[in-house]
Amino acid sequence: MVAAIALQGCERTDVTDVLGLAKADRQLGDPVDVETLRKNAEAAAEEYLATQVEILKDFSKSPYSLTTDYAQVPVIRKLGYKSSFYYFCWDLFLPYRLKTGSGDSYLLIVQVTDRIPGNKHDVSKFRVLHATIIDDRGRMRKALANTPD
């Protein structure tokens, strides 16, 4: 019981930034400004999402709007999507709010990485691994096209 309480406490206090990165990840990863990570990761995600316009229109069955929604980081972490420094690269999950013209709202989670060949990473070269649309019950509604690895 004490261990469970301690783990719950660690989960809440271990998150240190808007991306949901834990202190341990920040210590393992190369020193880099969180704002730089966010900016570069978002640029890659937005470039990717621009190629998915038709899929998003079809899913929405109407016009849609898409905005970043970092207030959803705790929600996506609870669903198991946790940004981290994974072995040798940044592995980030970016939350977007997808609102349809009919008023429905979904969470679009975009996973990006800065992994480059040779088991290295470069924070200026993020790319999207995949994106998933989640409903308000945490169920996956649609997986967008994966990008080549």
Task: Single residue of L19, L28, L94 found to be within 22 Å of S124 (Cβ to Cβ), open to solvent by less than 30 Å² (accessible area, probe 1.4 Å) and at pLDDT below 95 - done: L19
Open item on the list: Filter segment 121-141 down to the residues that are more than 18 Å from T67 (Cβ to Cβ), out of contact with any Asp or Glu (no Cβ under 9 Å at 6 or more places or on another chain) and in contact (Cβ under 8 Å) with a residue 24 or more places away in the chain and list them by number.
Closed with: G138
- [ ] Would you mind telling me which numbered condition in (1) farther than 18 Å from E42 by Cα; (2) acidic (D, E); (3) surrounded by 13 or more Cβ atoms within 10 Å (Cβ to Cβ) D114 fails?
- [x] (1)
Task: Single condition Y86 does not satisfy, out of (1) open to solvent by 60 Å² or more (accessible area, probe 1.4 Å); (2) touching a strand residue (DSSP E or B) at 6+ places or on another chain (Cβ under 9 Å); (3) in contact (Cβ under 8 Å) with a residue 40 or more places away in the chain - done: (3)
Open item on the list: Being open to solvent by less than 50 Å² (accessible area, probe 1.4 Å) and either touching an Asp or Glu at 6+ places or on another chain (Cβ under 6 Å) or among the polar types (S, T, N, Q) (or both): is that true of S102 here?
Closed with: no
TODO: With the condition kept exactly as written, say whether any residue in segment 78-96 is in a helix (DSSP H, G or I) and out of contact with any Gly (no Cβ under 6 Å at 6 or more places or on another chain).
DONE: yes
Task: Residue satisfying condition, being over 30 Å from V32 (Cα atoms) and open to solvent by 50 Å² or more (accessible area, probe 1.4 Å), within set S65, S60, S124 - done: S65
Open item on the list: If I ask for residues that are more than 22 Å from L19 (Cβ to Cβ) and not in a loop (DSSP other than H, G, I, E, B), which ones from segment 106-142 would you list?
Closed with: R141, K142
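Residue-by-condition table, conditions (1) open to solvent by 60 Å² or more (accessible area, probe 1.4 Å); (2) in contact with a Lys or Arg (Cβ under 6 Å, 6 or more places away or on another chain); (3) touching a residue at least 60 places away in the same chain (Cβ under 8 Å); (4) within 12 Å of L98 (Cα to Cα):
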{"residue": "V34", "(1), (2), (3), (4)": "no, no, no, no"}
{"residue": "R38", "(1), (2), (3), (4)": "no, no, no, no"}
{"residue": "A44", "(1), (2), (3), (4)": "no, yes, yes, no"}
{"residue": "L79", "(1), (2), (3), (4)": "yes, no, no, no"}
- [ ] With the condition kept exactly as written, say whether any residue in segment 63-76 is part of a helix (DSSP H, G or I) and over 15 Å from I109 (Cα atoms).
- [x] no
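The values are calculated or read from the model by the stated rules, or taken from the named source; none is laboratory data. Treat the numbers as computed from the prediction; the structure is a model and nothing was measured. Positions of Cβ are generated from backbone atoms using ideal geometry, with glycine treated the same way; all protein chains shown enter the neighbour counts. To get the accessible areas, we keep the full protein, side chains included, count just its heavy atoms, and leave off ligands, DNA and RNA. Shrake-Rupley method; radii C 1.70, N 1.55, O 1.52, S 1.80 Å.
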